[in-house]
Amino acid sequence: MRLLKGTDPKVDSYSAFWDNNHTHQTKLFSELVDRDITDIVVCGLATDICVKFTSIDGQKHGFNTTVVLDACRGVAHEGIETARCEQQACGIKIIVSSEVSSLLA
């Protein structure tokens, strides 16, 4: 699947689901639903920005969302901890890469 985000030069798009104003949705949600996907695993850059907003939006959309913490890098150390707390408060599961195989069983 090819996903475009950040296509409006006037609005940032931290989440892979929405722009920051929540006025334009990417096709990620509809693609996941069309494929009967119920669980998503998020990792990448940056832990405290894009990973945080994508995982929270995924959870809000009803997906069982997991973040692989050691497969992410953040911008600021304190932001990483804040993001992790916000994610856990939303019910997002936080794991490390050695635990990923258990998700696939």
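No value in this document is a laboratory result; all are computed from the given coordinates. Keep in mind that this is a model prediction, so the values were computed, not measured. Cβ: placed from backbone, ideal geometry, glycine included. Neighbour counts: every protein chain shown.
List of remarks:
- Between residue 73 and residue 97, the contour length at 0.36 nm per residue exceeds the alpha carbon distance by 7.3 nm.
- Whole-Å distance, taken between Cα centres, linking the range 4-40 and the range 58-100: 18 Å
- Under the Karplus curve 6.51 cos²θ - 1.76 cosθ + 1.60, θ = phi - 60°, whole-Hz ³J(HN,Hα) for the range 88-103, x wherever Gly or Pro sits: 5, 5, 8, x, 7, 7, 10, 10, 10, 4, 5, 9, 4, 4, 5, 6
- As an equivalent ellipsoid, the range 27-97 spans semi-axes of 21, 11, 10 angstrom, where each value is the square root of five times an eigenvalue of the C-alpha gyration tensor, largest first.
- A cut-off of 5 Å between modelled amide H atoms, ignoring neighbours fewer than 5 places along the same chain, links residue 27 with 4.
- Spin-label model distance (nm) - residue 20 vs residue 86, 7 Å beyond Cα toward Cβ: 1.2 nm
- Residue-averaged 222 nm ellipticity for the chain, from DSSP H runs of 4+ at -39500 (n - 2.57), nearest 500: -8500 deg cm²/dmol
- Qualifying aspartates and glutamates (Cα of each under 13 Å from Cα of residue 10; at least 8 residues distant if same chain): 19
- Long-range amide H partners of residue 67 with built H, under 5 Å: 42, 93, 94, 95
- The residues neighbouring residue 17, those whose beta-carbon lies less than 12 Å from its own, together hold a net charge of 0 under the Lys/Arg +1, Asp/Glu -1 convention.
- Since only 96, 80, 18 are under comparison, the one whose Cα sits farthest along the positive direction of the charge dipole of the chain, derived from C-beta charges on Lys, Arg, Asp and Glu, is 18.
- Think of each Lys and Arg Cβ as +1 and each Asp and Glu Cβ as -1; about the Cα centre, that makes the dipole of the chain roughly 160 debye.
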